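The next block holds one structure in the form of structure tokens; read it before the comments.
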Amino acid sequence: MNRLMEFSNQSSLDHLNINVRWLKEWRLQAGQLSFRHEINQGSFLFPYTAIWLVLDGTAYIELNRNNYTVRAGDIVCISPQTLLTWKSLSESQGFHYLSFACEAKVGMFDFIRLYQFPFVALSTGKEQFDHLVTLWRQLTEHYEAFLDMFEPGDLKTHELEPERDYPALMLDTDQTMLHLLLRSGSMNWMLELFRALRPSLPDHPVAYDTRVFEICQYVEERLSNPPSLEELAGRVSLSKEQLRTLFQAALGLSPMRYVRQVRLQRAKDLLTLTTDPIKEIAAQIGFEDQHHFSRAFQQSEQMSPLEYRRRQKRSNGKTRV
């Protein structure tokens with residue numbers, strides 16, 4: 001009799017997506033003028049998940065206001081919207097590390113937060129660490145081959161973002177095959193990272209209610225016309241108070257505070273990545289006019305939308321991640 005080989009159940013990872021954004025190798029010296037300037041400037045807010053493999057040297061950094069000493073052999077795991085502040089580097093060795101940055105999500109939920117990755121893993125075995133480095137370099141070769149398929153002027157990079165919109169790229173068949181190779185390689189790299197960090201990870205991810213996931217998706221789709229609390233509660237057949245309790249348990253905040261955060265985060269993305277007028281950005285995220293948007297943004301970020309955009313442009317190409 002043939003063994004049944006079918007898995008048709010839904011699972012908690014059906015919506016898992018890992019999409020590489022950059023692979024970079026950094027060699028930083030304490031005496032470099034540009035890096036000193038960066039330290040004096042202070043902080044950087046990570047847009048993506050970033051994993052560092054520290055090859056040499058020592059760095060003193062601050063992540064979300066907590067201080068860490070990072071040395072050779074350490075793995076640093078930085079989730080999106082984490083605030084990094086460089087404090088100092090070892091004078092003699094500098095600091096040498098590999099960076100793997102990606103969007104790693106299960107639906108709307110950050111992958112490494114779900115599995116409670118440590119900010120800094122100190123006791124990874126050398127063999128596993130070296131294996132991650134080898135796979136990183138192999139993945140980098142594929143990534144470079146993929147980028148070589150495009151004209152440099154068509155690529156939007158972290159270092160330089162000319163003031164123009166970048167349409168989504170339509171990949172041809174050969175580009176699609178290499179893109180699939182990158183996706184499979186990044187999945188494999190993440191698997192090896194899990195293996196290396198397994199002693200530090202919980203047996204189960206942070207639990208979340210699928211109704212929270214449904215609401216998060218719905219909010220993302222309705223940013224130009226934000227839903228009310230009553231509408232959100234009705235969407236998942238709960239009372240307003242039940243929905244508040246559910247969100248507080250899953251995300252640590254109320255449903256409407258989540259809506260506000262998502263709207264303002266989208267505003268920051270648009271201010272950073274586009275040249276759209278402030279008035280148009282306000283409309284895209286559901287504010288009735290520019291004045292109300294500017295006031296809400298000022299309350300959240302302690303600066304105006306225009307000042308935020310100016311600061312992002314000044315920091316472009318200067319911050320190392």
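The values are calculated or read from the model by the stated rules, or taken from the named source; none is laboratory data. Predicted, not measured: the structure shown is a model, and the values here were computed from it. Note that we place each Cβ from the backbone using ideal geometry, even for glycine, and neighbour counts take in every protein chain shown. Areas reflect the complete protein model, heavy atoms only, side chains present, ligands, DNA and RNA absent. Shrake-Rupley method; radii C 1.70, N 1.55, O 1.52, S 1.80 Å.
Things to note:
- Here residue 265 fulfils each of the conditions (1) surrounded by 14 or more Cβ atoms within 10 Å (Cβ to Cβ); (2) in contact with a Leu (Cβ under 9 Å, 6 or more places away or on another chain) apart from (2).
- A Cβ distance below 6 Å, combined with a sequence gap of six or more or placement on separate chains, defines the contacts here; from the stretch 250-276, residues that are within 18 Å of residue 110 (Cβ to Cβ) and without any contact (Cβ under 8 Å) to a residue 60 or more places away in the chain reach residues that are polar (S, T, N, Q) and in a helix (DSSP H, G or I) in the pairs 264/300.
- Only a single criterion out of (1) assigned to a loop (DSSP other than H, G, I, E, B); (2) open to solvent by 80 Å² or more (accessible area, probe 1.4 Å) is not satisfied by residue 248, namely (1).
- Pairs linking a residue in the stretch 1-23 that is open to solvent by 70 Å² or more (accessible area, probe 1.4 Å) to a residue that is in a loop (DSSP other than H, G, I, E, B), with Cβ atoms under 9 Å and 6 or more positions apart or on different chains, are 12/205; 12/208; 14/107; 15/107; 15/108; 21/47; 21/48; 21/158.
- Residue check for residue 60: at pLDDT 85 or above, open to solvent by 20 Å² or more (accessible area, probe 1.4 Å) and either farther than 16 Å from residue 118 by Cβ or charged (D, E, K, R) (or both): yes
- In the stretch 40-57, the count of residues that are at pLDDT below 75 and either within 16 Å of residue 100 (Cβ to Cβ) or among the charged types (D, E, K, R) (or both) is zero.
- Just so you know, in the stretch 102-130 the residues that are at pLDDT below 85, of a type in the set (A, V, I, L, M) and not in a strand (DSSP E or B) include one that is nearest to residue 80 (Cα to Cα), and it is 108.
- Residues of the stretch 273-288 satisfying the condition of being modelled with pLDDT under 90 and under 12 Å from residue 224 (Cα atoms): 288
- Qualifying residue in the stretch 76-97 (condition: among the acidic types (Asp, Glu), part of a loop (DSSP other than H, G, I, E, B) and open to solvent by 40 Å² or more (accessible area, probe 1.4 Å)): yes
- All positions within the stretch 230-278 that are within 24 Å of residue 307 (Cβ to Cβ), of a type in the set (A, V, I, L, M, F, W, C) and touching an Asp or Glu at 6+ places or on another chain (Cβ under 9 Å): 262, 264, 270, 273
- In the stretch 198-215, the qualifying residues are those that are within 17 Å of residue 119 (Cβ to Cβ) and in a loop (DSSP other than H, G, I, E, B), and the one that is modelled with the lowest pLDDT is 206.
- Qualifying residue in the stretch 297-306 (condition: at pLDDT below 85, of a type in the set (S, T, N, Q) and either surrounded by 18 or more Cβ atoms within 10 Å (Cβ to Cβ) or in contact with a helix residue (DSSP H, G or I) (Cβ under 7 Å, 6 or more places away or on another chain) (or both)): no
Results for (1) open to solvent by less than 20 Å² (accessible area, probe 1.4 Å); (2) more than 24 Å from the chain's Cα centre (by Cα), shown as yes or no for each residue.
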| site | (1), (2) |
| --- | --- |
| 190 | yes, no |
| 193 | yes, no |
| 197 | yes, no |
| 213 | no, no |
| 225 | no, yes |
| 234 | no, yes |
| 239 | no, yes |
| 243 | yes, yes |
| 254 | no, no |
